[in-house]
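Chemist: Take a look at this one; I'll ask things after.
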């Protein structure tokens with residue numbers, strides 16, 4: 001790793017920097033074999049851990065499902081705060097209408113297709 005990527009001296013400092021190289025290789029090998037798997041979420045804050053535990057007990061869920069439920073609810077709440085005009089403009093930008101063809105719609109043809117006289 002180049003010196004500019006880490007802290008001073010180019011040494012990585014973190015929980016995995018003390019792992020033996022063989023263990024790091026095993027972890028990376030396992031992750032590459034199972035790309036759909038996710039790394040576990042480790043909550044270091046005691047208050048957050050207590051809140052997750054409280055929600056899990058109240059709802060009769062696992063802690064993982066409690067975190068998922070809380071995150072989904074917050075994402076929905078945040079999306080609802082975005083003005084409708086902005087949400088529609090983002091939708092139109094992501095899925096634009098095709099360019100106009102210049103052809104006029106044949107009302108008689110479409111009436112016949114729908115069964116209207």
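Chemist: Give me the helices (runs of 4 or more DSSP H) completely within the stretch 62-117, filtered to those with at least 1 residues that are at pLDDT 90 or above and under 28 Å from residue 49 (Cβ atoms), ordered by residue number. Let's see the steps before the verdict.
Modeler: Details: elements: 63-81, 84-94, 107-114.
Hits in the stretch 62-117: 63-81.
Chemist: Using the structure shown, decide if residue 41 is in a helix (DSSP H, G or I) and within 18 Å of the chain's Cα centre (by Cα). Walk me through it before giving the result.
Modeler: Values: in a helix (DSSP H, G or I): no; within 18 Å of the chain's Cα centre (by Cα): yes.
No, not satisfied.
The values are calculated or read from the model by the stated rules, or taken from the named source; none is laboratory data. Bear in mind that the values here come from a model prediction, so they are computed numbers and not experimental data. In this analysis, Cβ positions are derived from the backbone assuming ideal geometry, glycine residues included, and neighbour counts consider all displayed protein chains.
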